[in-house]
Amino acid sequence: MNVTLTLADDVVRKVRRIAAERETTLTGLVRDYLTQLAQEDETGDRNARNLANLERAFERFSVNASPRTWTRADLYERR
């Protein structure tokens, strides 16, 4: 798909120089950046799904324990 962008002339000159230093083109830089952005978005979606699954698992497997009847000092009391 072709996309038309409007950029300031000085920006285009600077980016073309950067592209030449990296042995690519302005189009290549834009393509690489947008591809990386799309992959990061997919990773963010995956992380959100994983977090939701983890929260559901905690809710599903939570244990209702009786109230605590001891104190920290009780645990460290020397006998």
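Tabulated data for the structure shown
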item	result
Degrees, to the nearest 10: 9-21 long Cα axis against longest axis of the chain	80 degrees
Net charge, Leu26 excluded, C-beta distance under 15 Å - Lys, Arg +1, Asp, Glu -1	+1
Average accessible surface area per residue within the chain, 1.4 Å rolling probe, Å²	102 Å²
Order by protection proxy (mean Cβ within 10 Å, highest first), peptides 38-51, 11-24	11-24, 38-51
Given charges at beta-carbon only (K, R positive; D, E negative), |dipole| of the chain in Debye	400 debye
Principal semi-axes in Å for the chain [√(5λ), Cα gyration tensor, largest first]	58, 19, 10
Portion, in percent, of the accessible area of the chain that falls on carbon or sulfur, probe 1.4 Å	51 percent
Cβ-based charge dipole, the chain, positive-most Cα from Thr4, Asn64, Ala38	Asn64
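The values are calculated or read from the model by the stated rules, or taken from the named source; none is laboratory data. Keep in mind it's a predicted model, so treat the numbers as computed, not measured. Cβ: placed from backbone, ideal geometry, glycine included. Neighbour counts: every protein chain shown. For accessibility, only protein heavy atoms count, side chains too; no ligands or nucleic acids. Shrake-Rupley method; radii C 1.70, N 1.55, O 1.52, S 1.80 Å.
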